[in-house]
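Written out below as structure tokens is the structure these notes cover.
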Amino acid sequence: MKEEAVLLEKNPEKKVEAREAVPCIMPDLRVQIGSLALRNPVMTASGTFGYAREFENLVNLDRLGGIIVKGISLHPKPGNPPPRIVETACGMLNAIGLENVGVDRFITGKMPYLRKLTTPVVVNILGDSVEEYSEIARKLDGAEGIAALEINISCPNVKKGGVAFGTVPEMAAKVTEAVRRSTTLPLIVKLSPNVTDIVVMARAVEDAGADAVSLINTLIGMSIDPITRRPRLANVIGGLSGPAIKPVALRMVWQVAQAVSLPVIGIGGITTAADALEFLLAGASAVQVGTANFYDPSAAESIVQGLTSYLQEQGEDCLVDIIGTLKTGTD
Ligand SMILES: Cc1cc2nc3c(=O)[nH]c(=O)nc-3n(C[C@H](O)[C@H](O)[C@H](O)COP(=O)(O)O)c2cc1C
């Protein structure tokens, strides 16, 4: 470790000062997602970290790069009947059904705690129609302490026969435009992998005014118990997540990062610093940790530490310098 780094490590207050004055003395983990500044690129994924308070005794929340809260709808949602979670090879299937407290109770009941954190809080939103997305965004626009919105477009549009907003480029663009008009907050659009060409979706939301894209949401799957001959999820189908989806997510992040000029946030099976590095090298400016939180709540914190060690070992001062540095040719 460099001499300055040792000194600063022992005096975290000085570290903050030094970082402001001289940005790249230490391994500097800061990244920028549009106008959203993060102290490091490691966030927790929506639906896997509750409203953060549930994790306060398990994780030092102030060490995370960002917290994405559980998806919020206009009205409270009870979710699907159980069983709603099934373990699969290297992953899990869930059909929680977007259970949440609704936007009004979120603002009055959850934001007072969240706004006290030093970590940026991103609110994931979902709707059954374009109008619902707009209304939620308008309500959140006036709430203090929200750093950005993440739009979950993997939801069915009830007005259009239940086709997911995230599978038709024109519908994804409509939601993005409508939310853009309803808020000045930075907008991250979260892409669904359940499409033929994710690049088309990324370009559609970029043109519609997104500030960043995050990917991937879960892959649709199912599981059957051969003895009972019944599906293991009461909802029959559910979303696959965890290490099983990492290669698919990485491929999509790499493709999207080359195709759009927006910052890309990588999600899918990230469990270790090595996993996170794969996404950063493929072009992601930040990552989200999801399923890993269920079996190792300290995963995101350990990844931050692991990224610091990697940069030190590689002699790199700034994390941003390694983003998108994947070598694919003969160099
Ligand atoms: C139990 C569970 C609940 C989830 N809820 C949401 C949600 O409310 N909104 C959303 O956009 N994504 C939701 N997701 C998707 C995750 O945020 C993430 O995109 C996905 O799980 C892939 O990352 P992972 O493999 O690290 O878990 C959920 C995932 C799980 C496992």
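The values are calculated or read from the model by the stated rules, or taken from the named source; none is laboratory data. If you're wondering where the values come from, they're calculated on a predicted model, not measured in any experiment. Because the Cβ atoms are built from the backbone with ideal geometry, glycine has one as well, and the counts that use them run over all protein chains shown. For accessibility, only protein heavy atoms count, side chains too; no ligands or nucleic acids. Shrake-Rupley method; radii C 1.70, N 1.55, O 1.52, S 1.80 Å.
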Next item on the list: Inspect all residues belonging to the stretch 232-241 and state whether any of them is open to solvent by less than 60 Å² (accessible area, probe 1.4 Å), over 19 Å from the mean Cα position of the chain (by Cα) and closer than 24 Å to V179 by Cβ.
Entry: no
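Would you mind finding the one in I188, I237, I146 that is of a type in the set (A, V, I, L, M, F, W, C), within 30 Å of F106 (Cβ to Cβ) and without any contact (Cβ under 8 Å) to a residue 60 or more places away in the chain?
Answer to the selection: I146.
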Item checked: Failed condition for T48, given (1) within 12 Å of the ligand (Cβ to nearest atom); (2) closer than 19 Å to I136 by Cβ -> (2)
Check: Going through the stretch 119-136 one residue at a time, which ones are in a loop (DSSP other than H, G, I, E, B), away from the ligand (no atom under 13 Å from the Cβ) and within 18 Å of the chain's Cα centre (by Cα)?
Finding: T119, P120
Item checked: Lone qualifier among I224, I198 - being more than 13 Å from the ligand (Cβ to nearest atom) and either of a type in the set (D, E, K, R) or open to solvent by less than 10 Å² (accessible area, probe 1.4 Å) (or both) -> I198
Notebook entry, point to check: Which residue pairs have Cβ atoms under 7 Å apart, sit 6 or more places apart or on different chains, and have a first residue in the stretch 115-126 that is under 16 Å from I151 (Cβ atoms) and open to solvent by less than 10 Å² (accessible area, probe 1.4 Å) and a second that is polar (S, T, N, Q) and in a strand (DSSP E or B)?
Noted result: N124/N152; I125/N152; L126/N152
Note to self: Here's a check for you: in the stretch 154-173, which residue that is in contact with a Phe, Trp or Tyr (Cβ under 9 Å, 6 or more places away or on another chain) and more than 17 Å from V199 (Cα to Cα) is most open to solvent (accessible area, probe 1.4 Å)?
What the structure shows: P156
Margin query: I need a count of the residues in the stretch 293-331 that are open to solvent by less than 20 Å² (accessible area, probe 1.4 Å), touching a residue at least 60 places away in the same chain (Cβ under 8 Å), more than 21 Å from P243 (Cα to Cα) and among the aliphatic types (A, V, I, L, M).
Written below: 2
Check: What number of residues within the stretch 31-45 satisfy the criterion of being away from the ligand (no atom under 14 Å from the Cβ) and either of a type outside the set (G, A, S) or touching a Phe, Trp or Tyr at 6+ places or on another chain (Cβ under 8 Å) (or both)?
Finding: 8
Next item on the list: Please find, within the stretch 57-113, the residue that is nearest to the ligand (Cβ to nearest atom) out of those that are on the phi > 0 side of the Ramachandran plot and open to solvent by 20 Å² or more (accessible area, probe 1.4 Å).
Entry: L98
Item checked: Subset tally (residues that are of a type in the set (S, T, N, Q) and in a helix (DSSP H, G or I)) for the stretch 285-309 -> 5
Next item on the list: Within the stretch 41-56, track down each residue that is under 17 Å from S298 (Cβ atoms), touching a helix residue (DSSP H, G or I) at 6+ places or on another chain (Cβ under 8 Å) and surrounded by fewer than 24 Cβ atoms within 10 Å (Cβ to Cβ).
Entry: T48, A52, R53, F55
Margin query: If I filter the stretch 260-292 down to residues being open to solvent by 10 Å² or more (accessible area, probe 1.4 Å) and in contact with an Asp or Glu (Cβ under 9 Å, 6 or more places away or on another chain), which single residue comes out as farthest from the ligand (Cβ to nearest atom)?
Written below: S261
